[in-house]
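Student: I have a structure I would like to understand better, so I am pasting it below and will then ask my questions one at a time.
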Amino acid sequence: MLTVASEIDTLARFGRALADPIRCRLLLALREAPAHPSDLADALGISRTRLSNHLACLRDCGLVVAVPVGRRTRYELADERLGHALDDLRSAVVAVAADRTCPDATGKDCC
């Protein structure tokens with residue numbers, strides 16, 4: 001059972017992972033299908049070294065796992081529910097961005 005402290009820590013780790021656009025792109029790519037690092041680096045157009053650093057962060061956050069496949073390693077989301085969470089978060093952000101109403105918008109440039 002998760003305690004409040006571990007729930008907060010989990011959300012903070014998820015936020016840390018999403019704070020970088022490359023990690024977001026990685027999570028979305030892995031949401032589609034598991035992949036090998038070389039394929040991910042090519043798909044994202046980044047160096048393998050840079051990709052390795054981002055994958056390490058996502059592993060440390062508990063969002064992806066490395067699965068040995070022969071002499072290679074494949075990466076995938078740690079839990080299939082993360083894909084659903086990413087979808088929900090994207091749709092929530094889109095909904096918020098579309099509804100940028102503000103009662104004080106007329107004179108304040110707040111929205």
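The values are calculated or read from the model by the stated rules, or taken from the named source; none is laboratory data. Just so you know, these numbers come straight off a predicted model, no measurement behind them. Heads up, the Cβs are rebuilt from the backbone with ideal geometry, glycines too, and the neighbour counts pull from every protein chain shown. Surface accessibility is based on the protein's heavy atoms, side chains included, excluding ligands, DNA and RNA. Shrake-Rupley method; radii C 1.70, N 1.55, O 1.52, S 1.80 Å.
Student: Take A17 and tell me if it is touching a helix residue (DSSP H, G or I) at 6+ places or on another chain (Cβ under 6 Å), at pLDDT below 95 and in a helix (DSSP H, G or I).
Tutor: yes
Conditions tested, residue by residue: (1) open to solvent by less than 90 Å² (accessible area, probe 1.4 Å); (2) at pLDDT below 95; (3) assigned to a helix (DSSP H, G or I).
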position: A29; (1), (2), (3): yes, no, yes
position: E76; (1), (2), (3): yes, no, no
position: H84; (1), (2), (3): no, yes, yes
position: L89; (1), (2), (3): yes, yes, yes
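Student: I'd like to verify a number: residues in region 41-66 that are surrounded by 12 or more Cβ atoms within 10 Å (Cβ to Cβ), β-branched (V, I, T) and over 11 Å from the mean Cα position of the chain (by Cα), how many?
Tutor: 2
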